[in-house]
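Scroll down for the structure; my scribbles are underneath it.
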Amino acid sequence: MATTQRPQLAGLTPDGETARQRRSRDAHLSVLLAANRFGAELDAVLAEHHLSMAQFVALWVLALSDDTDGMTQGALADGLLNRASDVSRLVDRLMKADLVERIASTTDGRVALVRITGAGTAVMSKAFAAVTACTEREWSGLSMTELGELNRLLGKALWGNA
């Protein structure tokens, strides 16, 4: 009886991996696992406030905006690193919940601005406190120095800054 060899697919088996390749793969998997775990925890916290992560981030961007008149959907999209068409639907959902409002620009009648409402600010404040408590729990095993180093290393991996 002939024995069959398992096919060796380049990149799919650790055979012949260098130490750097193995470390890179392990780091990638660790980041994915952390993102999935912490993302699920944040999703659960935000669900208690009837918010998705996208809605929370949109409210956060609007709440931190220096422009009290509101911001254009394009500026909001830039703050979210999102497509404008996605932001339109997101704003529609937030409006339906009375968390944001669209208002006409006082300087250009063709432009609609989005701003957070009082109800949106109240929801955001409660959600932000819950998110802060969640992230503090998630990272409680690291010291301030380690958190700084983690942020520095992730920034370097993402954007090349030291």
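Here Glu136, Glu101, Glu17 are placed in order of increasing Cβ neighbour count within 10 Å, fewest first, which gives Glu136, Glu17, Glu101. For Val100, the residues whose modelled amide H falls within less than 5 Å of its own, excluding neighbours fewer than 5 places apart on the same chain, are Met95, Thr117.
Once the Cβ-Cβ distance between Met144 and Ser88 is put in as r, and R0 is 45 Å, what FRET efficiency do you end up with, to the nearest 0.05? Approximately 0.65, to the nearest 0.05. The tail of the calculated P(r) for segment 21-159, taken as Cα-Cα distances beyond 25 Å, holds 39 percent of the pairs.
Taking a span of 15 Å or more along the helix axis (Cα atoms) and a mean Kyte-Doolittle hydropathy of at least -0.5 as the rule, the DSSP H helices of the chain that qualify are 19-47, 53-64, 84-96, 118-138, 144-159. When the helices of the chain are scored as -39500 (n - 2.57) per DSSP H run of n ≥ 4 and the total is divided over every residue, the value at 222 nm lands at -20500 deg cm²/dmol.
Shown is the FRET efficiency for Leu32 and Thr121, computed with R0 = 35 Å from the Cβ-Cβ distance and rounded to the nearest 0.05: 0.55. When Val114, Val31 are sorted by how many other C-beta atoms sit within 10 angstrom of their C-beta, beginning with the fewest, the order is Val31, Val114.
Listed by Cβ neighbour count within 10 Å, with the fewest neighbours leading, Trp60, Trp159 appear as Trp159, Trp60.
Annotation for Arg102 and Glu17: the two label points, set 7 Å from Cα along the Cα-Cβ direction, are 5.0 nm apart.
None of the figures in this text is laboratory data; all of them are computed from the coordinates on show. It should be emphasised that the depicted structure is a prediction, and the values quoted were computed from it without experimental measurement. Glycine also receives a Cβ, built like all others from the backbone with ideal geometry; neighbour counts cover every protein chain displayed.
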